[in-house]
1. Under the rule of -39500 (n - 2.57) per DSSP H run of 4 or more residues, summed and divided by the residues of the chain, what mean residue ellipticity at 222 nm is obtained, to the nearest 500 deg cm²/dmol?
2. By average Cβ neighbour count within 10 Å, what is the ranking of 25-32, 41-48 from highest down?
3. Using only Cα atoms and rounding to the nearest 10 degrees, what angle (0 to 90) does helix 3-25 make with the longest principal axis of the chain?
4. Work out the P(r) tail for the chain: percent of alpha carbon pairs separated by more than 21 Å, whole number.
5. Relative to the present Cα-Cα distance, how much length would full extension add between VAL48 and LEU72 at 0.36 nm per residue of separation?
6. If you add up the charges near ARG85, with Lys and Arg at +1 and Asp and Glu at -1, over every other residue whose beta carbon is less than 13 angstrom from its beta carbon, what do you get?
7. How far, in degrees from 0 to 90, does helix 40-57 lean away from the longest principal axis of the Cα atoms of the chain, to the nearest 10?
8. Among ILE17, LEU50, LEU5, pick out the residue whose Cα is farthest towards the positive end of the charge dipole of the range 3-85, where Lys and Arg carry +1 and Asp and Glu carry -1 on C-beta, about the Cα centre.
Amino acid sequence: MGAGLIAPAVIAAALVIRTAIAELRVPGSARTAWAFTRDPAAAATAAVVLGVVTVTGGGWDAAAWGLLAGALTGHLTHEARIRDR
């Protein structure tokens, strides 16, 4: 594993652990936290960010950071759309 892949892997693992702990405390919270994956606008935003970061960076390091950035952007987009309703 390259040095550039360690940071996004650790951040992604921390997010998954945070989701698991929240699910243990409040059943159903994981479904709510990851609802952005079923939102078409949030998924499109995440895909665009993933593509831009991957293409501009090149390599596996950029793909890992792009995946993380896309997931976080998709989550924020979904949260903003929920508040606007």
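Bear in mind that the values in this text are calculations on the coordinates, not laboratory data. Worth saying up front: this structure is predicted, and the values here are computed from it rather than measured. For neighbour counting, all protein chains shown are included, and Cβ atoms are generated from backbone atoms with ideal geometry for every residue, glycine included.
1. Per the formula, -28500 deg cm²/dmol.
2. By packing density, highest mean first, the sequence is 41-48, 25-32.
3. Between helix and principal axis, roughly 10 degrees.
4. The share of Cα pairs beyond 21 Å in the chain comes to 37 percent.
5. Extending this stretch completely gives an extra 7.4 nm.
6. Charge balance in the 13 Å sphere: -1.
7. That works out to roughly 20 degrees.
8. Sorting the options by dipole projection puts first ILE17.
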